[in-house]
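As structure tokens, the structure follows; a few thoughts come after it.
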Amino acid sequence: MHKGDWNYIRNLNRRVILEEIVKNASLSRSELARITGLNKATISTQVNDLLEQGLVIETRTEALDTPGRKPIIIEMNENAGFTVGIDIDELSTNIIFCDLKGRRLHQKQLHLDTYHFESMLDELIQQLQTEIGVFQNGSSIPPLAGIGVGIHGIVNNDSQIVYTPKQQWVDLDVKTRLEQAFDAPVHVDNSANLSVYAEHVYAKHGSDLFCLTLYSGIGLGMVKDSVIYRGYQGFAGEIGHMIIEPDGKPCPCGNHGCWELYASNKAFFKLLHESGDEFHTQEQVSKHLETTDAEQEIAEYIFYLSIGVNNVINIFNPERIIINSPLFASMPELLDRVEASLQSKFNNYDELKISGLNEDACALGAAALAFKKFLGVHHVDHSASFPSSQ
């Protein structure tokens, strides 16, 4: 066997073993051998390497009441590092720190001026340095393993920002500046891609999953065969700019009648204001929607939202569709109204449901992407450790 072939097999075995340790949270060497099909000698060699690198730890369980020697359990070493997920939206920036078990360690909401890219980036770096400094100010200082960044716009396959409709950013580089500032790998992606990735990582939704994010705009994240589908150059998923109303409202993208102008949360707030109502919080909106006065606005919103959902189903035939929206999280009965509008005989899907991750999905997906890249694995599955996300 050539050395290159041996290295390939060795790295493949390492990846498979790490993926199973992450997926199962903790398991013994014999369980690893049974699940992966690898022999015990290979398992022993690989686990010893991972122990030496500090990525995993071994503990002897005392939970079993059976006599004899207690099995030694292998699990990820949460103190080996942490990842940071950042969601840069138009109105706020959400930052989440996660350990190597995928658990949330720290969270911070920042209000940055995202309309001026350079000043936004300078302030983000300064604030993030402060947060990391405070977080690491302890007896045990885990290293920064990587940073993931979600952008509400088009990001190409080289992690470069191509265009954001809201801030009008064009051809900008956030990756290099952050890598220079923090001496850690940085991975940048579209916010909808990271949101669907978080759903895939933290909840058991299967390998064919779509996620519609309804906030200031509308994004579509797609996981196909457990891999984020990005399209030819990373531009896939800009479904919010699908035209549903010819000669409709003007959009910053240059077209008229884009879906997100009618069916995003921001559009619904605007619809309420145009009807003479003044609301500034989701709680105020939720209380108003419980009254009969809101029926006309709800009906119009569901009408336009359902048009787009129908188009997504007919074009892509997804197995599951997750709707990530604070409006739907507070009023889950709206989902029944959307489903009732999907009457086409071509509509074929297994499940339409509401996200349990809500506004944190993008930042969690960004942290999970950084974790995936840090370990060098293909698949990350934290669902066994986070049943509340199901």
Simple spin-label estimate for S119/I315, 7 Å along Cα→Cβ, in nm, reads 3.7 nm
When the charge dipole of segment 237-332 is computed with +1 on Lys and Arg Cβ and -1 on Asp and Glu Cβ about the Cα centre, the Cα farthest towards its positive end, among H273, P252, F303, belongs to P252
Measuring from its Cα centre, the chain shows a charge dipole (+1 at each Lys and Arg Cβ, -1 at each Asp and Glu Cβ) which, in debye to the nearest 20, is 1800 debye
With +1 at each Lys and Arg Cβ and -1 at each Asp and Glu Cβ, the charge dipole magnitude of segment 6-76 around its Cα centre, to the nearest 20 debye, comes out at 240 debye
With +1 on the Cβ of every Lys and Arg and -1 on the Cβ of every Asp and Glu, the dipole magnitude of segment 206-358 about its Cα centre, in debye rounded to the nearest 20, is 540 debye
Extension length gain for N358 and N255 (0.36 nm per residue less Cα distance), in nm, is 34.2 nm
Taking Cα atoms, the helix 191-202 axis meets the longest principal axis of the chain at an angle in degrees (rounded to 10) of 50 degrees
Relative contact order in percent for segment 206-358 (Cα pairs under 8 Å, 6+ apart) equals 23 percent
extent check for segment 6-76: Cα max minus min per principal axis, descending, whole Å, gives 42, 23, 20
Nearest 10, in degrees from 0 to 90: the angle of helix 361-375 to the longest Cα principal axis of the chain is 30 degrees
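Of all trypsin sites (Lys or Arg not before Pro) in segment 299-350, which ones are in loop regions per DSSP and have a Cβ with at most 16 other Cβ atoms within 10 Å?
Answer in residue order: K345.
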Placing each pseudo-label 7 Å from Cα in the direction of the beta carbon, E295 and I35 end up separated by a distance in nanometres of 5.3 nm
Most fluctuating of L369, L214, L38 in the GNM of the chain (C-alpha, under 10 Å) is L38
Ranking L220, V56, A145 by how far each Cα lies towards the positive end of the charge dipole of the chain (+1 on Lys and Arg Cβ, -1 on Asp and Glu Cβ), the top one is V56
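At R0 = 51 Å, how high is the FRET efficiency between E245 and R15 if r is their beta carbon distance? Nearest 0.05 is fine.
The pair E245/R15 has a calculated efficiency of 0.60.
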Rounded to the nearest 500, the 222 nm mean residue ellipticity computed for the chain from DSSP H runs (n ≥ 4, each -39500 (n - 2.57)) alone is -12500 deg cm²/dmol
The aspartates and glutamates whose Cα lies under 15 Å from the Cα of K23, excluding any fewer than 8 residues away in the same chain, are E31, E75, E78, D99, E199, D381
Heads up, segment 155-259 by the C-alpha gyration tensor (a ≥ b ≥ c square roots of eigenvalues; a/c under 1.5 rounded, else a/b over b/c prolate, else oblate) looks oblate
In degrees, nearest 10, the alpha-carbon axis of helix 117-135 is tilted away from the dominant principal axis of the alpha carbons of the chain by 40 degrees
For H106, the residues 5 or more places away or on another chain with a placed amide H closer than 5 Å to its own amide H are F97
Heavy-atom accessible area of segment 6-76 with neighbours in place, 1.4 angstrom probe: carbon+sulfur share in percent works out to 51 percent
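Kindly state, to the nearest 0.05, the FRET efficiency for S207 paired with Q126, given R0 = 51 Å and r defined as their beta-carbon distance. All intermediate terms of the calculation are to be shown ahead of the outcome.
Values: r = 40 Å, r/R0 = 0.79.
Computed FRET efficiency for S207 and Q126: 0.80.
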Checked segment 117-162 against the a/c 1.5 cut and the a/b vs b/c comparison, axes a ≥ b ≥ c from its Cα gyration tensor; verdict oblate
For G257, the residues 5 or more places away or on another chain with a placed amide H closer than 5 Å to its own amide H are G248, K249, C251
Which of (i) 19.2; (ii) 20.2; (iii) 23.7 gives mean projected area of the Cα convex hull in nm² as computed here? It is (iii)
The pairs in K224/K373; K101/K175; K204/K353; K108/K175; K166/K373 lying past 23 Å Cα-Cα in this model are K101/K175; K166/K373
Here the relative contact order (percent) of segment 65-172, from C-alpha pairs under 8 Å and at least 6 apart, is 26 percent
Scalar couplings 3J(HN,Hα) for segment 35-46 by Karplus 6.51 cos²θ - 1.76 cosθ + 1.60 (θ = phi - 60°), nearest whole Hz, x for Gly and Pro, are 5, 8, x, 7, 6, 5, 5, 5, 4, 4, 4, 5
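Determine the shape class of segment 206-358: with a ≥ b ≥ c the square roots of the Cα gyration tensor eigenvalues, call it rounded for a/c under 1.5, and otherwise prolate if a/b is greater than b/c, oblate otherwise.
Judged from the Cα gyration tensor, segment 206-358 comes out prolate (a/c at least 1.5, a/b above b/c).
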The set of residues whose placed amide H lies less than 5 Å from the amide H of H187, leaving out same-chain residues fewer than 5 positions away, is I147, G148, V149
Counting only protein heavy atoms and rolling a 1.4 Å probe, one gets per residue an accessible area for segment 206-358 in Å² of 48 Å²
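The values are calculated or read from the model by the stated rules, or taken from the named source; none is laboratory data. Remember, it's a predicted structure, so these values are computed and weren't measured experimentally. Virtual Cβ from ideal backbone geometry, glycine too; neighbours counted across all protein chains shown. Please note that ligands, DNA and RNA were not included when accessible areas were found on the heavy atoms of the full protein model with its side chains. Shrake-Rupley method; radii C 1.70, N 1.55, O 1.52, S 1.80 Å.
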